[in-house]
Amino acid sequence: MVAIIAALLVLYIVLVGYRAVVLLGTGEPVGIAMGAALIVLPILGVWALWREIAFGVGAERLGVRLEAEGGLPPEQVETRESGRPMRDAADELFPKYRDAAEAAPDDWRSWYRLGLVYDGAGDRRRARQAIRQAIRLSRR
């Protein structure tokens, strides 16, 4: 699914980039202004695509490494029939992993585990922040 979405984004970037070049070639002030504005969109698209792919690859690499070390959280969070986690159960785990990350702020493993718990609690934004921190720390 990621490959399909990435391919569609690349197609969009190419088409918008082509349209930007055509507009820049018109010689008209409005066309030039619109073409210049359209050049920004493909640049932002490439940056966003790169950032997401790099995040996914980095998170997967650390997840595999942590699993090989036997360091993944052993707890299983109860889920509803829909597959969504029971928030109360995930919230009970949170203090343990938050405290571990605060006690060892330079340990990527603790940040990765914290990200998993955030994700289990349904807090995707904080989960991504914690896993991004783990990726940064693992590069040291």
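The values are calculated or read from the model by the stated rules, or taken from the named source; none is laboratory data. Here the structure is a predicted model, which is why all the values come from computation and not from measurement. Glycine also receives a Cβ, built like all others from the backbone with ideal geometry; neighbour counts cover every protein chain displayed.
Overview of results
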read-out	value
So I53, is it outside the structural domain of Q129 (by TED's automatic domain parsing), part of a helix (DSSP H, G or I), β-branched (V, I, T) and in contact with a Gly (Cβ under 8 Å, 6 or more places away or on another chain)	no
Candidates R98, R132, R87, R140, filtered to the one that is more than 18 Å from L66 (Cα to Cα) and either surrounded by fewer than 18 Cβ atoms within 10 Å (Cβ to Cβ) or out of contact with any helix residue (DSSP H, G or I) (no Cβ under 8 Å at 6 or more places or on another chain) (or both)	R87
Qualifying positions in region 99-122 - among the charged types (D, E, K, R) and within 13 Å of the chain's Cα centre (by Cα)	D119
Filtered residue count, region 76-106, keeping only those that are in contact with a Pro (Cβ under 8 Å, 6 or more places away or on another chain), outside the structural domain of R126 (by TED's automatic domain parsing) and not hydrophobic (A, V, I, L, M, F, W, C)	2
Evaluation of A33 against (1) surrounded by 12 or more Cβ atoms within 10 Å (Cβ to Cβ); (2) under 24 Å from the mean Cα position of the chain (by Cα); (3) not assigned by TED's automatic domain parsing to the domain that holds Q133 (one fails), failing number	(2)
Residue among P73, P42 that alone is surrounded by 15 or more Cβ atoms within 10 Å (Cβ to Cβ), within 23 Å of the chain's Cα centre (by Cα), closer than 25 Å to Q129 by Cβ and not assigned by TED's automatic domain parsing to the domain that holds Q129	P73
I32 being out of contact with any helix residue (DSSP H, G or I) (no Cβ under 7 Å at 6 or more places or on another chain) and over 30 Å from Y112 (Cβ atoms)	no
Residue match in region 62-75 (condition: within 22 Å of I5 (Cβ to Cβ) and either part of a helix (DSSP H, G or I) or hydroxyl-bearing (S, T, Y) (or both))	yes
Enumeration of residues in region 1-38 that are more than 23 Å from W50 (Cβ to Cβ), in a helix (DSSP H, G or I) and not aliphatic (A, V, I, L, M)	P29, G31, G35
